[in-house]
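Everything below concerns the one structure shown next.
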Amino acid sequence: EEPISSVRDVDMSTINNKGLMEFASMDFVTQNDAFYTLVFPSISTSDFQFNKEKASGIIVEEVSKFLDWAENVRLVLVDLTKTSTILSMVESKAVEKGIDPKKFFTFVGDITRLCTDGGLQCNVIANAANWRLRPGGGGVNAAIFSAAGKEFEIATKESATSLNPGEAIAVPLPHNSPLYKREGMTYVIHVLGPNMNPQRPNYLNNDYVEGCRVLCKTYSSLFKCFASLIK
Ligand code: AR6
């Protein structure tokens, strides 16, 4: 596997003027050690209807465990709106837990336009996928597949044809993908979370013992997969 490019390795010609200015003003550029950044959406809490209170506790626990162990990384939880319930729940739990806000924070914006719209430089993004790793279906999955382009769909098919709940798989972004060229991202990690929506496959019928176990596993698989890309 190709290692992900570090912040210093980003081809500056691929970043537009706005991105470049914001890139240069980000404080990690001035630090000795660049951070590798993973931006992820809240897995399972929208279309898959997982309880947000429980999910927010799991996110903060798993983030905290990973940050105790990993170096030179930052994790960012993203959602589309300022009024996002999951973002505020996670923010307050992260403060209670005393997590370093430089290593974990929340961000409001579209995960497919983090650099161009939000000025956030990011190496890897996570996708809340479906079990067949198919494009469409709404939510963040539809947004990522549509922004990443046809070549990414092909690259995904070459990596795997299905996922079990709790699993993660990293797919390198083709160099002609807008997410690579425009946003400077190098990988998408597809993850499949637990499903509490009776209309979707692998329905857990409100079994939160199993649901919480699978959601913990989903985040730990995601973070391990991210760590494996950093060499
Ligand atoms: N940028 C940032 N966050 C987003 C974006 C975006 N463009 N779009 C949605 N979110 P969901 P799930 C947030 O429903 O619950 C799909 O159809 C959203 O507000 O995408 O795991 C798949 O094919 C929420 O906080 O994922 C699966 O079948 C979070 O992303 C199923 O939905 C996750 O919402 C997975 O359901």
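The values are calculated or read from the model by the stated rules, or taken from the named source; none is laboratory data. A quick note: this is a predicted structure, and the numbers were derived from the prediction, not measured. A quick note on method: Cβ atoms are made from the backbone with ideal geometry, for glycine too, and the neighbour counts reach across all protein chains shown. The area values use the complete protein model at the heavy-atom level, side chains included, leaving out ligands, DNA and RNA. Shrake-Rupley method; radii C 1.70, N 1.55, O 1.52, S 1.80 Å.
Below are the figures for this structure:
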{"quantity": "Pairwise FRET efficiency - GLU71 versus GLU151, Cβ, R0 = 30 Å, nearest 0.05", "calculated": "0.40"}
{"quantity": "Virtual spin-label span in nm between ARG213 and ALA160, 7 Å along Cα→Cβ", "calculated": "1.9 nm"}
{"quantity": "Whole-number percent relative contact order across the stretch 7-229, with pairs defined as alpha carbons under 8 Å at least 6 apart", "calculated": "23 percent"}
{"quantity": "Two-site FRET efficiency, ASN197 against LYS102, from Cβ-Cβ distance with R₀ of 35 Å, rounded to 0.05", "calculated": "0.50"}
{"quantity": "Surface accessible to a 1.4 Å probe, LYS65 within the full protein complex, Å²", "calculated": "120 Å²"}
{"quantity": "Exposure of THR83 as accessible area (Å², to 10), given a probe of 1.4 Å and all protein chains", "calculated": "120 Å²"}
{"quantity": "The stretch 102-231: relative contact order as a whole-number percent, Cα under 8 Å and 6+ apart", "calculated": "25 percent"}
{"quantity": "For PHE223, net neighbour charge (Lys/Arg +1, Asp/Glu -1) across residues whose Cβ lies under 14 Å away", "calculated": "0"}
{"quantity": "HIS175 accessible area, 1.4 Å probe, all protein chains in place, Å² to nearest 10", "calculated": "100 Å²"}
{"quantity": "Mean Cβ count within 10 Å, highest first, over the residues of peptides 213-223, 107-117", "calculated": "213-223, 107-117"}
{"quantity": "For the stretch 7-229, accessible area per residue (1.4 Å probe, heavy atoms of protein chains only), Å²", "calculated": "46 Å²"}
{"quantity": "Spin-label zone in the stretch 55-83 - amide nitrogen under 14 Å from a point set 7 Å from the Cα of SER92 along the C-beta vector", "calculated": "56-57"}
